[in-house]
Structures are given as structure tokens and as C-alpha cells.
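Enquirer: I am attaching a structure below and will ask some questions about it afterwards.
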Amino acid sequence: MNKDQVLQKIMQLRNNLSKHNYNYYVLSQAVISDYEYDMMMKELETLEKQFPEFDDANSPTKRVGNDLSNTFTQVEHEYPMLSLGNTYNINELNDFDKRIKNIIDSDTPFIYTCELKFDGTAISIKYKNGKYFQAVTRGDGLKGDDVTENVRTIRSIPLKLQTNDYPDEFEVRGEIIMPHKVFERLNAEREDIGETPFANPRNAASGTLKMKSSAIVAKRNLDAFLYFMLGKNLPSDSHYQNLQNLKKWGFKISDDIKQAKNINEVFEFINYWDTERNNLEYDIDGVVIKVDSKELQEELGMTGKSPRWAISYKFKAERVATKLLNITYQVGRTGAITPVADLKPIQLAGTTVKRASLHNADIIKELDVRIGDTVLVEKGGEIIPKIVDIDIEKRPAGLSETNYIENCPACKHPLIRKQDEAKHYCPNEYACPPQIKGKIEHFVSRNAMNINCGEATINALYEAGFIKNIADLYELTFEQVYSLEGFKEKSAKNLLESIQKSKNIPFENVLFAVGIRYVGNITAKVLAKNLKNISNLQKADFEELIAVDEIGDKIAESIIDFFKNDHNLKIIERLKSYGLQFEISEDNQVDNKLNGAKIVISGTFKNHSRDELKKLIEQYGGKNTSSVSKSTDFFLAGENVGPSKLEKVEKFGIKKISENEFINMINK
Ligand code: IVH
């Protein structure tokens, strides 16, 4: 290829990738398989590396972010970012409607646009000549932080616009949000490594947006809805039409926007969403009502910091009263104690609630909540309901004050409370059953050692006295497992096999699995890559550790503490003796040409045994799966393939490849 052809190829790949990105992240309708997408991305990455002269900050390859430390310089907003007047009261909306009619000529017909009020963090993004240019947070409304690099990683934000009828320069404003699913996964991961979970998706979104490394932001899967366009040559006088234009250019605009001819239609919208919001995949905290015409908006102007032409109606967080039956205390893997309220079951925001978090001792004290009290439970931005108040009038005589426990509910060891931490801890790390079991559960989990063993089995193995720590797993015998209730010969063998197989799990997973506080799977990867083996990690001092990108003081101290502890050292020695991987392996995988493609092998082959093919698939970064499903990428077919398998392959439209074609794929 000559340079012109290379550039042409690069442009073509960028356009295709950006189209598929739009299909997937904005329309939620993938047209090609993940595998095909990844292959295109790989090809583009390779070309861009080979020809740095064609580099472009808005190439789809830049969505993964980088490890450079963000500095967040302050940028003045060209148009100030206003706030909205808000109300919880329907009557005040009538006043809003009247006020508008008083100001504008009352004969002028006008309409409202009703939108959802997304509960995230506001962003203002500039586009120049159809390209993503700069993203700035709200800040104080006049100037905000430049978060361009972080926002670039949000897949639903277009880097290059579609069609050509956009103004040369404009701004879009919207809300960066974290969908429930992403939030829950992130918090589970944080709790698992001993980090404080985020209180709600809003905090998680704004915290993520301010992270130093855009590479980490990229992994957090933020999303965004845009709801406002500003600039000199906007396509329409109608705000609604402008949003439709934004949609056409590739922006993610909510489908749940309604034009209302009068305030009664606004009320319909509000009533509908007051309950429907429980079915959304993200949080909203109200609706926003805007006068649709830009011209009228200008005529109406502002009061103080908010426009007269818009208002937000906020939903009251749903709140119900019920009786507090008991307070129990949970012990997490890291020893953190969480008080939990057992409630008389009630309906709240579409679900039955029996339990609510009481967070920590301070909150119990502040509310003076006592067993037997009538408590008010709320489901706000948080996923887990919380107790927000008590109804003191309903308190029966003689309830005794709640004394926070002083000893661990599981092992009776006295609890401690570290400085600046809200939670109590049980320090009896190696003898406290829930902590031991929690550590083993973490060790076997999918991102760690991927051992096929659930919570119930760990519990049974522990109760039977067969395992007291993660190393004991490798000394389990068939007789022991077989003796457990519910285990048959096959299932016992499977478990032991899965434990054996885990000895090949790469070092970075082992490092995550051993459970060093604050070392999550991303941190484990970074450490493995930089320090190569466990003995380097063990020898590294504080300075050496914090010199590694992304490793801060807290993590470094935690690693040093871990290796100071005899118990941990013994466990590591034992794990080494069983043959687990304590060194980064560079030759295990020859290449990643197959890039995670799921391949089913079937039939007999001329030049390779099936085991050889399996091995090749793994060495080249593919996954060998046994049965054909929708997610299969390739069907590697030899001779005498069964007709029912072939039928499935046809039905799902899976690509069939021969032995030769497969060999060509990995040798390319
Ligand atoms: S319009 C001048 N529309 O609510 C109008 N805001 O207090 C500017 N918000 O900071 C805002 N969803 O972050 C608008 N559909 C929506 C919104 C929305 C959420 C947020 C926004 C703003 C705050 C207003």
C-alpha cells in the first residue's frame, strides 16, 4: 500500500468503527459481532502505530484513554452554565405557567418540552467542524475543569459527527451518568478489595470524571445523555428540533421527551414518570420543563442564576414507615462491620423491602434509632434503601437505647475503629469465620482463580474443617469433597479438577486473588506488568512502589503491610509449592491474533489433533468452547460433522472455517 492508500484505509476503518460504536452505544443495536469490531479496531491500531503521521486525537482507538496524569485546567464557559429553579410542588408549576403567560404576549401560542432530569454530573462539550473539541465540568457555572481526555473515553459521546449540516462551532450540554448495572458492579469490586463503595451512581459518575488516568475512566463505562444545544447558528428555533438534530448527528438523546401543548399535558408526563422511573436503568430525580421556542426563551430571560423559561419538578424520594424488628451486624471479607435493619416487610418503589442499611455507629446514634421504633425508609439515588428518620411519636414506652456492638458478632473479638473511618472493624483477620470464608470466596471468584466453587460449597468445606485458608484448597482430597452433602463422584472430581486447573492461572490473577487490600484486578495487572514476579514485589520499598503509575500511597502501604505479615508469607510459600504462577508469563500466549474469539471445534482433521487445535486457539488468544451458541464466532469444521450442529451453525449465521483457513488466520 502506498501512503494515500494507507490513509484511505485508516479513514475507512475510523468511519466504520465510529458507525458501529454509534449502533452499539447510542442505539443499543449491534450490527456486527464483538469479535469483528475488535478485529477492525486492532487493524486500525496497527496502522496508526505504523504511520504516526496520520494520528488523530479523535480516532476511535483513543477511546481507551491513557495513563498520563490529567491536570484539569480551569476553563471559562463561553455561555455560563445555569442552574434550574426547582419545585416539589404541583401548584408551583401552575404558577410557573402563569408567570410565563404574563410575560409573553398571551395570544402567542407556545409549547413546552418535557424531559427527564438525569441524576448525574453536568458537562458542556464543544464541537468544532464536526469534531469533538473540549469538555468542561460545570464548576461554579462560570468556569469549570477541563475533562476533555476523560470524556473522550465515553463511548456514547461522538468524536466525529454524522451528516454535514451541523454548525461550524457549537456546544452541547448534558449529564454524565453511571447506569445501575455499572454502578453495582463497580461497588461490588470496590467492596471486594476493601475500598469504600460510592454512596450512589451520581457520586460514582462525578468521582470517575475527575480521575487522573483516563485509562481507568475508560474502564468505568460511564454514559451520557445530552439535553441542550448552544451556539450562534443553531438549526432551529425549537429546542425540541435542535435535540432531534443532535440525535441525527450521532448524540445520545433520550427517547423519553414529550412536547406538551399546555400545563395539563406536563402533569401527565410527570405522573407517568413518577412511577415509571423505577423501571429505568439509570437514576432520574425529576423532570425538566422547558419553553420550547428559543425566541421566547430569550424574551423570558433569567432571574438570578436560573432561566425563567425552565423549571425542574423533583420527585420526592419515596418514603414509607415501617417497624424496625431487629438490628443485625454483618462482617465483610475485610472485617468491616455493617449494621443492617430487619424491617417489617413493606412495598417501596415497586419492590418489597425487608432490610435496610444502617451504615455505621454514627448514623444509629444520630437518629437514636431503637429496636421497636417506627422508622422511615427511603429509596433515593441509592440502590439499597436506607433509614432516614424515626417517628418519635410512635415510639412505645420502654424501648432501650441501641448500644453498638463492641465485639465481633462472628468471632467475639473486640472491634476497633480506625481514625477517620466511619466503620468498625474486626481485626481478627485469620480466625474470624466470615472473614476467612470471604477471603476464600474472593480467591475462587471469576476474575481471580476462576475455581468452580460457590459460596455454599466453601461454607460446607469450612464447616467440615477441611479448609481454613486459601492454600488449604490445594490439599483437598477426593474423599473430603465426596463426603460433603450434595456431592457425587462427578461433582467432586469436577471441583478438584477446577482447583488443579487454577494452577495455570496467570500471575496477575493470582496477585488479585491473594487479597491484598486495595489491590483490585486492574492494580494487580499493573503491578504484575511492572514488577514481573512476586519476589520483586515483596522486595519493593515504598518509593519503588509509588514510582509505578497508578500506585498511590495507600496501595503501596497496604502491599508493604501484607508482606510484613508471617501468616501471609506462609500462605504464599505454600501456594508457590503447589505450582501456582508467581511470575508473569510472556510465552504462554504466543500472540493475541484471535482476540478472544469463541471457536467451536467439530469433526476430524487431517493435519492436527483436536487437542492440538485447542492449544493453538488458546495460544493465539482465542477461546475454545464446546457447544454452538449465538455468541460463537467461528465453527472450525473437519470431516464428519454432525448434522444437528451444522443446523445450529446455519441458524445463528456463524462463520464456518476449515483447518487450513484456521491456520492461515493465526499465521497471517
Ligand atoms: S437543562 C438552563 N435538562 O439539572 C438549563 N438540565 O439544576 C440548563 N439536568 O445542572 C439545564 N437533566 O445538570 C437540563 N434534561 C435536563 C436535565 C438537566 C438533568 C441537570 C443539569 C443541571 C441541573 C439543573
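Enquirer: Answer with yes or no whether ALA422 is out of contact with any strand residue (DSSP E or B) (no Cβ under 7 Å at 6 or more places or on another chain), closer than 30 Å to GLN500 by Cβ, of a type in the set (A, V, I, L, M) and surrounded by fewer than 19 Cβ atoms within 10 Å (Cβ to Cβ).
Expert: Spelling it out, it is not the case that ALA422 is out of contact with any strand residue (DSSP E or B) (no Cβ under 7 Å at 6 or more places or on another chain), closer than 30 Å to GLN500 by Cβ, of a type in the set (A, V, I, L, M) and surrounded by fewer than 19 Cβ atoms within 10 Å (Cβ to Cβ).
Enquirer: Could you pull out the residue among SER156, SER124 that is assigned to a strand (DSSP E or B), modelled with pLDDT of 95 or more, touching a strand residue (DSSP E or B) at 6+ places or on another chain (Cβ under 7 Å) and within 16 Å of the ligand (Cβ to nearest atom)?
Expert: Answer to the check: SER124.
Enquirer: Just to confirm my filter: which helices (runs of 4 or more DSSP H) fall fully inside segment 199-294 and include at least 1 residues that are within 16 Å of the chain's Cα centre (by Cα)?
Expert: Result: 201-209, 214-219.
Enquirer: Identify all residues within segment 99-150 that are under 27 Å from ASP256 (Cβ atoms), touching a residue at least 60 places away in the same chain (Cβ under 8 Å) and either open to solvent by 40 Å² or more (accessible area, probe 1.4 Å) or of a type in the set (D, E, K, R) (or both); write none if there are none.
Expert: Selection gives ARG99, ILE111, GLU115, LYS117, ASP119.
Condition check ((1) among the hydroxyl-bearing types (Ser, Thr, Tyr); (2) more than 19 Å from TYR132 (Cβ to Cβ); (3) open to solvent by 50 Å² or more (accessible area, probe 1.4 Å)) across all residues:
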residue	(1), (2), (3)
TYR35	yes, yes, no
MET39	no, yes, yes
SER69	yes, yes, yes
HIS77	no, no, no
GLY85	no, yes, no
TYR88	yes, yes, yes
GLU92	no, yes, yes
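Enquirer: Moving on. When residues of segment 121-136 are filtered for being farther than 22 Å from GLN244 by Cβ and in contact with a helix residue (DSSP H, G or I) (Cβ under 7 Å, 6 or more places away or on another chain), how many remain?
Expert: Residues meeting the conditions: 3.
Enquirer: Something else now. Any idea which of (1) under 25 Å from GLU299 (Cα atoms); (2) open to solvent by 50 Å² or more (accessible area, probe 1.4 Å); (3) not in a loop (DSSP other than H, G, I, E, B) is the one LYS62 doesn't satisfy?
Expert: (1)
Enquirer: Check whether at least one residue in segment 282-303 is closer than 22 Å to PHE183 by Cβ and touching a Pro at 6+ places or on another chain (Cβ under 9 Å), and report yes or no.
Expert: yes
Enquirer: Right, something else. Looking only at segment 492-502, count every residue that is in contact with a helix residue (DSSP H, G or I) (Cβ under 8 Å, 6 or more places away or on another chain) and either at pLDDT below 95 or open to solvent by 40 Å² or more (accessible area, probe 1.4 Å) (or both) and tell me the total.
Expert: 1
Enquirer: Okay, moving on. Checking the conditions here, which among LYS468, LYS490, LYS501, LYS437 is more than 24 Å from the chain's Cα centre (by Cα), part of a helix (DSSP H, G or I), under 16 Å from LEU575 (Cβ atoms) and of a type outside the set (Asp, Glu)?
Expert: LYS501
Enquirer: Search segment 474-489 for residues that are of a type in the set (Ser, Thr, Tyr) and pair each with any residue that is open to solvent by less than 60 Å² (accessible area, probe 1.4 Å) when their beta-carbon atoms are under 6 Å apart and the residues are at least 6 apart or on different chains.
Expert: Filtered contacts from segment 474-489: TYR474/TYR578; TYR482/ALA492.
The values are calculated or read from the model by the stated rules, or taken from the named source; none is laboratory data. Remember, it's a predicted structure, so these values are computed and weren't measured experimentally. As a convention, Cβ positions derive from the backbone with ideal geometry for all residues, glycine included, and neighbour counts pool all protein chains shown. The area values use the complete protein model at the heavy-atom level, side chains included, leaving out ligands, DNA and RNA. Shrake-Rupley method; radii C 1.70, N 1.55, O 1.52, S 1.80 Å.
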